[in-house]
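The values are calculated or read from the model by the stated rules, or taken from the named source; none is laboratory data. Since the model is a prediction, treat every value here as computed from it, not as a measurement. Methodologically, a virtual Cβ is constructed for each residue, glycine included, from the backbone with ideal geometry; neighbour enumeration extends over all protein chains shown.
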């Protein structure tokens, strides 16, 4: 009876143009209200699939398994991305079961920074309607990490190294994103998809995806294949090696794709993003600590090869990150010394 009433309620709300709750039926408890949130949990049987991470390291170079996996992954990404999303943000489900895009784009790096007491300054309930403003705010919390994390810089040289990279990242980002796409389309992205979150069968066909809490809507140009396809960490990636696997994935994606509109396909946006370096810029934004290696290895050389070893580059760019530059650098050196002392004291105790 309860489910029938829920069905009629959803039908009536849809007919009248109101937000429609999920098919899940709220069960009100007779006990005291704890005032906490809730989780939606689905149990996955062992015979439904195993974690890709169980076999990835040993078999990721198997061409047939990789082909099956790329086909499944392409269909997943395309199915999700074809659903139009009006803004950049995260979905919430309220106590009535209504799904709404009304929260900030909550990715794992935002959560990790806030856990370390580093201000992110993107309030809850804030969404974006332009790519530019989202990138500016994302770069701002990379700045915030350098300012507020006591061990963010190991010494003066490292601090200058990071400041110069962040200054340049702010200057060059318009080169990596198309102006005609700065107000959309936006797509739902699985931002924390890794081998342990993917359940596959024996042939590496995807059966289930788990741990979707960091999924959010983002600019379509930030949709890319996973970085770990060559089994390397973000700061160890080789562009030539990844280009081969990226080409293989794109061939599969293009076979599955169909136009979003008269002249745009998701695969064409991804291919252009690889060619113009948007893949690397997005990868840098996703990693507060890996940003700098990605910048100097894959972004800076697109503009000026050899600048990483040119002192003149740092002597200019470092001063554009903050006023009173050397005062800040000396403060970071003191922060690191105090952090090291607290760490030693903690272990001695």
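Go through segment 190-204 and report how many residues are buried (at least 16 other Cβ atoms within 10 Å of the Cβ) and either free of Cβ contacts under 8 Å to residues at least 60 places away in the same chain or over 19 Å from residue 110 (Cα atoms) (or both).
7
Out of 75, 66, I need the residue that is in a helix (DSSP H, G or I), surrounded by fewer than 20 Cβ atoms within 10 Å (Cβ to Cβ), over 22 Å from the mean Cα position of the chain (by Cα) and touching a residue at least 24 places away in the same chain (Cβ under 8 Å). Which one?
Values: 75 fails: over 22 Å from the mean Cα position of the chain (by Cα).
The match here is 66.
So, in segment 83-108, of the ones that are in contact with a helix residue (DSSP H, G or I) (Cβ under 8 Å, 6 or more places away or on another chain) and not in a strand (DSSP E or B), which residue ends up nearest to residue 284 (Cα to Cα)? Lay out the reasoning, then the answer.
Narrowing segment 83-108 to residues in contact with a helix residue (DSSP H, G or I) (Cβ under 8 Å, 6 or more places away or on another chain): 88, 104-105.
Applying the additional criterion that residues be not in a strand (DSSP E or B) yields 104-105.
On the way: 104: 20, 105: 17 Å.
Filtering segment 83-108 for residues that are in contact with a helix residue (DSSP H, G or I) (Cβ under 8 Å, 6 or more places away or on another chain) and not in a strand (DSSP E or B), the one nearest to residue 284 (Cα to Cα) comes out as 105.
For residue 328, state whether it is farther than 30 Å from residue 68 by Cβ and part of a helix (DSSP H, G or I).
Working: farther than 30 Å from residue 68 by Cβ: yes; part of a helix (DSSP H, G or I): yes.
Yes.
Exactly one condition in (1) surrounded by 19 or more Cβ atoms within 10 Å (Cβ to Cβ); (2) farther than 30 Å from residue 128 by Cα; (3) at pLDDT 95 or above is false for residue 252; which is it?
In the conditions (1) surrounded by 19 or more Cβ atoms within 10 Å (Cβ to Cβ); (2) farther than 30 Å from residue 128 by Cα; (3) at pLDDT 95 or above, residue 252 misses (3) alone.
What pairs can you find where one residue is in segment 83-106 and in contact (Cβ under 8 Å) with a residue 12 or more places away in the chain and at positive phi, the other is surrounded by fewer than 14 Cβ atoms within 10 Å (Cβ to Cβ) and not in a strand (DSSP E or B), and their Cβ atoms are less than 7 Å apart, with a gap of 6+ or different chains?
If the second residue must be surrounded by fewer than 14 Cβ atoms within 10 Å (Cβ to Cβ) and not in a strand (DSSP E or B), the pairs left are 97/24; 97/26.
Determine whether segment 267-281 contains at least one residue that is crowded, with 16+ Cβ neighbours inside 10 Å, within 28 Å of residue 150 (Cα to Cα) and out of contact with any strand residue (DSSP E or B) (no Cβ under 7 Å at 6 or more places or on another chain).
Checked segment 267-281: at least one residue is crowded, with 16+ Cβ neighbours inside 10 Å, within 28 Å of residue 150 (Cα to Cα) and out of contact with any strand residue (DSSP E or B) (no Cβ under 7 Å at 6 or more places or on another chain).
Scan segment 139-188 for residues that are in a helix (DSSP H, G or I) and at positive phi and report the count. Before the answer, list the steps.
Going through segment 139-188, the residues in a helix (DSSP H, G or I) turn out to be 139-148, 156-175, 179-181.
Those still in the list that are at positive phi too: none.
Result for segment 139-188: 0.
List the number of the failed condition for residue 269; all other conditions in (1) modelled with pLDDT of 95 or more; (2) within 18 Å of the chain's Cα centre (by Cα) hold.
The failed condition is (1).
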